[in-house]
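A short worksheet on the structure shown next.
The values are calculated or read from the model by the stated rules, or taken from the named source; none is laboratory data. Not measured: the values here are computed from a predicted model. Positions of Cβ are generated from backbone atoms using ideal geometry, with glycine treated the same way; all protein chains shown enter the neighbour counts.
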Amino acid sequence: MTIKPRIGFIGAGRMGRPMSGHIVAAGFELTAYDPVPEAVAAVETLGGKGAASASAVAAASDIIFVMPGFYDEVEAAICGPQGILAGAAKGAIVVVASTITPAQAKDLAARCAERGVRFVDAPVCQGERGAQEAYLVWLVGGADDVVEEVRPVMEPCGKEIFHLGEVGAGMVGKAMNNMLLWAALVADHEALAIAESHGVPKEKLIPALLRSSGTNWPLEHWKDMHRIPWAHKDMQIVLEMGDQARLTLPIAGLLREQVKPIMRKAGISEDLIR
């Protein structure tokens, strides 16, 4: 009988909470930490265990998923005084499912390796609904054997798992996905504004476009697209990658500015736009 690994989860928000629930439902023992106590309590109602810190989660886990929103939170969860590396045993695996840059993923992997901890970058696509309904798409970077060890824990949250290469490759894939996502969203906003100015309401036009060659993912999920808190961060990551590669990216630069009014209209905090 195969013994299932013990799972840790750092970050139990809109994505992490349902993901934790799917992992528990698949028969894994799971321990979670989030700085918001109510989030931890929600995971406990799904059958998981709560912990007081990321280090406590790591001490009770063989594979630890990390899902905060921003890099400084990811770094603190892994490398901080009460972070994963303060409690993880040698041979444990850290899986970063947050969206950070490829360079940041490689740096964190190196710091984990210094402590004998293995590392996989595995950001996810399909958003909050994908997390809730377990059809997330995983874009994965890491050593073949480590990815295969983690794969059975990913599958309860989404069976489409794309191993793109070594550490950092998952973040490359996610950045490119997000660039195309925001390009489509900006185009959708402009197209629907033009249509409405000519007397065609978007409520009537969208169903037609969804059956035509102009269809795209944001248009298919239009009712949920007001929840776009990471758009500006995503485009900043793409531009940083372009700078590192010495590439000129006029479309990416334009998109970074074009998502700002869309985010403001959605009521997104200015702190996330700057």
I'd like the residue in the stretch 131-149 that is of a type in the set (Gly, Ala, Ser) and either surrounded by fewer than 19 Cβ atoms within 10 Å (Cβ to Cβ) or not in a helix (DSSP H, G or I) (or both) and, out of all such residues, is farthest from the chain's Cα centre (by Cα).
Ala143
When every residue in the stretch 77-88 that is surrounded by fewer than 18 Cβ atoms within 10 Å (Cβ to Cβ) and part of a helix (DSSP H, G or I) is compared, the one farthest from the chain's Cα centre (by Cα) is Ala86
Would you mind finding the one in Ala266, Ala252, Ala175 that is out of contact with any Pro (no Cβ under 7 Å at 6 or more places or on another chain), under 25 Å from Ala131 (Cα atoms) and touching a residue at least 60 places away in the same chain (Cβ under 8 Å)?
Ala175
Mind checking which residues of the stretch 112-128 are touching a helix residue (DSSP H, G or I) at 6+ places or on another chain (Cβ under 6 Å) and either surrounded by fewer than 22 Cβ atoms within 10 Å (Cβ to Cβ) or not charged (D, E, K, R) (or both)?
Arg115, Phe119, Val120, Ala122, Pro123, Cys125
Does Val167 satisfy the criteria of being under 20 Å from Lys106 (Cα atoms) and assigned to a loop (DSSP other than H, G, I, E, B)?
yes
Name every residue in the stretch 96-130 that is part of a loop (DSSP other than H, G, I, E, B) and touching a Lys or Arg at 6+ places or on another chain (Cβ under 6 Å), in order of residue number.
Thr99, Gly116, Pro123
Among the residues of the stretch 200-251, count how many are part of a loop (DSSP other than H, G, I, E, B), modelled with pLDDT under 95 and within 21 Å of the chain's Cα centre (by Cα).
7
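Here's the yes/no breakdown for (1) within 18 Å of Leu255 (Cβ to Cβ); (2) of a type in the set (Phe, Trp, Tyr):
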| residue | (1), (2) |
| --- | --- |
| Val140 | no, no |
| Val146 | no, no |
| Pro152 | no, no |
| Phe162 | no, yes |
| Trp182 | yes, yes |
| Ile206 | no, no |
| Thr215 | no, no |
Qualifying positions in the stretch 1-30 - free of Cβ contacts under 8 Å to residues at least 60 places away in the same chain and β-branched (Val, Ile, Thr):
Thr2, Ile3, Val24
Do the conditions hold for Arg256, that is, is it at pLDDT 85 or above, of a type in the set (D, E, K, R) and either assigned by TED's automatic domain parsing to the domain that holds Val120 or surrounded by fewer than 15 Cβ atoms within 10 Å (Cβ to Cβ) (or both)?
no
Which one of these is assigned by TED's automatic domain parsing to the domain that holds Gly142 and surrounded by fewer than 19 Cβ atoms within 10 Å (Cβ to Cβ): Pro68, Pro102, Pro18, Pro37?
Pro37
Quick check on the stretch 176-196. Is at least one of its residues under 20 Å from Gln104 (Cβ atoms), outside any helix (DSSP H, G or I) and in contact with a helix residue (DSSP H, G or I) (Cβ under 8 Å, 6 or more places away or on another chain)?
no
